[in-house]
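Structure first, then comments.
The values are calculated or read from the model by the stated rules, or taken from the named source; none is laboratory data. For clarity, every value in this text was computed on a predicted model and none was experimentally measured. No Cβ is skipped: glycine too gets one built from the backbone with ideal geometry, and neighbour counts run over all protein chains shown. With ligands, DNA and RNA removed, areas are computed over all heavy atoms of the protein, side chains included. Shrake-Rupley method; radii C 1.70, N 1.55, O 1.52, S 1.80 Å.
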Amino acid sequence: MDELEHYIVSYFGVSTTNLNQLLPFFEKQQLSKGSFYTEQGSYCDSLSFVKSGFLRIYADTERKEVTQWISSKGYFVTDLGSLVFNAHARFSIQALTDCELFTIQKRDYQKLHEILPEWPVLEKLFLAKCFVTMENRVFDLISLPTTERYQRFFTDNKELFNQVPLQYIASMLGMTPETLSRIRADISS
């Protein structure tokens, strides 16, 4: 679990002692390409760290399918509203490639404060970082022209462009696949 250990230590500042208490709750999980981690309308009862692969987080709306995020190596994945508030999952999470995950079940996640007294502070930090990431995405969507939005995303996520269908990336960036193709062609020429 080297990647998970490194991520937890660097992201949360967890001590080695606490890390050794935390790691046993995470179980290795394989998810085959096309399989669902969770489906819209069901309940999501786990949180996973992505060791390898790509998962698409999306929702079907009345008008279209919207990609909210593509989770890759080094990210956590869950339907947070379902995990925390027992609500029906707003999003489907589907493997775009074969994936290897480290998964903690909700029942174990809820026990972490008993094992790690500082867990509420660490969890708050984790959720705040997630919130800031989403704030930045929303700000980019409403403030940046499509070309700048694409360039910023491409700079930060180059690995996605050879692994993920471009229509999903276009959806995540709030543009049509045709607009994404035009931007890519303009930049290439």
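Take the residues in the range 49-76 that are touching a Lys or Arg at 6+ places or on another chain (Cβ under 8 Å) and not in a strand (DSSP E or B); name whichever of them is modelled with the highest pLDDT.
The selected residue is Gly53.
Looking at this structure, is Glu159 in a helix (DSSP H, G or I), of a type in the set (Asp, Glu) and in contact (Cβ under 8 Å) with a residue 60 or more places away in the chain?
Values: in a helix (DSSP H, G or I): yes; of a type in the set (Asp, Glu): yes; in contact (Cβ under 8 Å) with a residue 60 or more places away in the chain: yes.
When the stated conditions are applied, Glu159 passes them.
Could you tell me how many of the residues in the range 4-45 are surrounded by fewer than 16 Cβ atoms within 10 Å (Cβ to Cβ), assigned to a helix (DSSP H, G or I) and within 16 Å of the chain's Cα centre (by Cα)?
Qualifying residue count, the range 4-45: 1.
Quick check, is Val84 more than 18 Å from Ser48 (Cβ to Cβ), of a type outside the set (D, E, K, R) and either in a helix (DSSP H, G or I) or touching a Cys at 6+ places or on another chain (Cβ under 9 Å) (or both)? Lay out the reasoning, then the answer.
Details: more than 18 Å from Ser48 (Cβ to Cβ): no; of a type outside the set (D, E, K, R): yes; either in a helix (DSSP H, G or I) or touching a Cys at 6+ places or on another chain (Cβ under 9 Å) (or both): yes.
In short, no.
Go through the range 101-150 and report how many residues are open to solvent by less than 30 Å² (accessible area, probe 1.4 Å), in a loop (DSSP other than H, G, I, E, B) and without any contact (Cβ under 8 Å) to a residue 24 or more places away in the chain.
Going through the range 101-150 one residue at a time, the tally reaches 1.
Within the range 46-67, take every residue that is touching a residue at least 60 places away in the same chain (Cβ under 8 Å) and touching a Phe, Trp or Tyr at 6+ places or on another chain (Cβ under 9 Å) and give me the one that is most open to solvent (accessible area, probe 1.4 Å).
Applying the filter and picking the extreme gives Glu65.
Hey, Asp79 hits all of (1) over 25 Å from Gly13 (Cβ atoms); (2) charged (D, E, K, R); (3) at pLDDT below 95 but one; which does it fall short on?
Looking at each condition in turn, Asp79 falls short on (3).
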